[in-house]
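Reading through the structure tokens given below for one structure.
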Amino acid sequence: MAKSYTYIFFLGIFLILTFRIFEFFPGMQLSREIWIVCGLLYVAVPYFLLKLINGLRISLFESYVVTLIIFTPLLGAITANAQFGQPIVYGLLGSRGVFLYVAALALYYYFQRDDITHFYIEKALIYLAWGTLALYCGIYLVFDPAVYLDQYPDFVSDGMADGDEFRFKTIPIVFGFFYYVFRGFRYRSGVDYCCSLIFLTYLVGVSGGRSLFVTVLIAFVFFIFRWGSFNRLIRLLPQSLFVLGLLLIMLTVFQGDFVTNFIDKLGDSFSVVITGKASGDSSADARISEFLLALPLILDNWLLGNGVVSNQWNGGYEGVLGGYFYPSDLGLIGAIFNYGVLGVIVFAYQFVFGVKFSKILDMSGLRSPLIDALKVMLLYIALHSVFTGMFVYRPEISLAFIGVLGGISLGARNRGYVRDRTFTNKRES
């Protein structure tokens, strides 16, 4: 038992560092740099030796990840040099985060080994979800973000009219919501539904991200229709309405005018997208100015992009473009600004592997709450990337999930759950 929890603990640390969960916390920047170095060393020594022992055999997924590690910094550095004159070394150093992608290679190998590893990753992800939820709520209850805005500008974002807020990574909490809501759906468990409601309350009531709310909702509805029969969906509708009503009541009681303000902000976002005119919402309006600043460069370099500008060179994007600009604010458009249409297509190809591994698991008959949650997370990331560019700016997250799915699917084939091309369920054969 102690050995199992030791595995889970270290796997949790692995996920925290790979997903950069505490990247913006004061004093945690050094841990990111150390983990990047660890990724580089893993590729250079144990991974290379492992492939050498196996006759340099490498799967298509591994080839793709290695290609990304090489392709991303080169494209970003060369195009930034051509467009802005930035020395190539700055572009390469600015893309050093590519060595976090190595985590996908490690997970892909690790989860081919035996079924018990599924238990470890499932527990690690769930403990991480509950742990971050408790930590974030505790920080909000004890500390006022406005007090720390000047002292820790990386940790606290200036929301202007919307108020200051801590910069918390919500990926584990989104996973927690999907895990419990679909486990409840599969097993008809009221306890699981209640757990999912706790995570959803934080995502809507505390985090309050508009794009996050929309993409979580779309991913949830898609898989409900994908996995449920029509009769079951009809029976589930009253339960869903009850839970939604309960959530709205809780938010209204604890946050007063939250629901009205949230709907207003959501409407402002859509208004900006549809009309292209300022709405009075500071966050939405800022993206208009950033888009107008980037548009001429996007049109001039739509195929290969304009590269990655380092904050250590000429004042970063603001110094080069003459105005506030942060590419990820524009989501998919910002990704095209950096890497062009070609680069975005290369990054998007990762989801082809996600679909492929999911189909193998579907046809093998393997089902589990972990596999369900991983599939939904990949759809969520793909949808949310329209607003945030996550699969381009933080691909280590989606690649890690794909690596786990791939490892499980390959392990299933190796242990006989999937035979040849028929993908026959072992229990039926």
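The values are calculated or read from the model by the stated rules, or taken from the named source; none is laboratory data. A quick note: this is a predicted structure, and the numbers were derived from the prediction, not measured. Methodologically, a virtual Cβ is constructed for each residue, glycine included, from the backbone with ideal geometry; neighbour enumeration extends over all protein chains shown.
Restricting the search to segment 99-157, which residues are of a type in the set (D, E, K, R) and either assigned to a helix (DSSP H, G or I) or closer than 21 Å to Arg20 by Cβ (or both)?
Across segment 99-157, the qualifying residues are Glu122, Lys123, Asp154.
I need the full set of residues from segment 296-313 which are surrounded by 15 or more Cβ atoms within 10 Å (Cβ to Cβ) and either touching a helix residue (DSSP H, G or I) at 6+ places or on another chain (Cβ under 6 Å) or closer than 11 Å to Gly334 by Cβ (or both), in order please.
Those that are surrounded by 15 or more Cβ atoms within 10 Å (Cβ to Cβ) and either touching a helix residue (DSSP H, G or I) at 6+ places or on another chain (Cβ under 6 Å) or closer than 11 Å to Gly334 by Cβ (or both): Ile298, Leu304, Gly305, Asn306, Gly307, Val308, Val309, Ser310, Trp313.
Sort through Gly27, Gly76 and tell me the only one that's in contact with a helix residue (DSSP H, G or I) (Cβ under 7 Å, 6 or more places away or on another chain) and of a type outside the set (D, E, K, R).
Going through Gly27, Gly76 in turn, the sole match is Gly76.
Show the residue pairs that are 6+ apart or on different chains and have beta-carbon atoms under 9 Å apart, the first residue being within segment 218-233 and over 15 Å from Tyr380 (Cβ atoms) and part of a helix (DSSP H, G or I), the second being at pLDDT below 70 and of a type outside the set (Ser, Thr, Tyr).
Listed pairs, sorted by first residue: Phe225/Leu233.
What single numbered condition from (1) at pLDDT below 70; (2) small (Gly, Ala, Ser); (3) surrounded by 14 or more Cβ atoms within 10 Å (Cβ to Cβ) fails to hold for Gly163?
(3)
For segment 1-31, which positions are under 30 Å from Leu149 (Cα atoms) and in a helix (DSSP H, G or I)?
Scanning segment 1-31 gives Gly12, Ile13, Phe14, Leu15, Ile16, Leu17, Thr18, Phe19, Gln29, Leu30, Ser31.
Which residue is nearest to Val376 (Cα to Cα), if the candidates are limited to segment 183-206 and must be modelled with pLDDT under 85 and within 19 Å of the chain's Cα centre (by Cα)?
Within segment 183-206, the match that is nearest to Val376 (Cα to Cα) is Val204.
Filter segment 40-65 down to residues that are modelled with pLDDT of 90 or more and crowded, with 17+ Cβ neighbours inside 10 Å, then give me how many there are.
4
Taking segment 76-96 only, how many residues are part of a helix (DSSP H, G or I), in contact with a Gly (Cβ under 9 Å, 6 or more places away or on another chain) and within 30 Å of Ser207 (Cβ to Cβ)?
Result for segment 76-96: 2.
Only one of these is touching a residue at least 60 places away in the same chain (Cβ under 8 Å), under 23 Å from the mean Cα position of the chain (by Cα) and surrounded by 20 or more Cβ atoms within 10 Å (Cβ to Cβ): Leu93, Leu75. Name it. If you could, list the steps in order and put the result at the bottom.
Values: Leu93 fails: surrounded by 20 or more Cβ atoms within 10 Å (Cβ to Cβ).
Exactly one residue qualifies, and that residue is Leu75.
Checking the condition part of a helix (DSSP H, G or I), in contact with a His (Cβ under 7 Å, 6 or more places away or on another chain) and touching a residue at least 12 places away in the same chain (Cβ under 8 Å), which residue from Leu379, Leu370 passes?
On inspection, the qualifying residue turns out to be Leu370.
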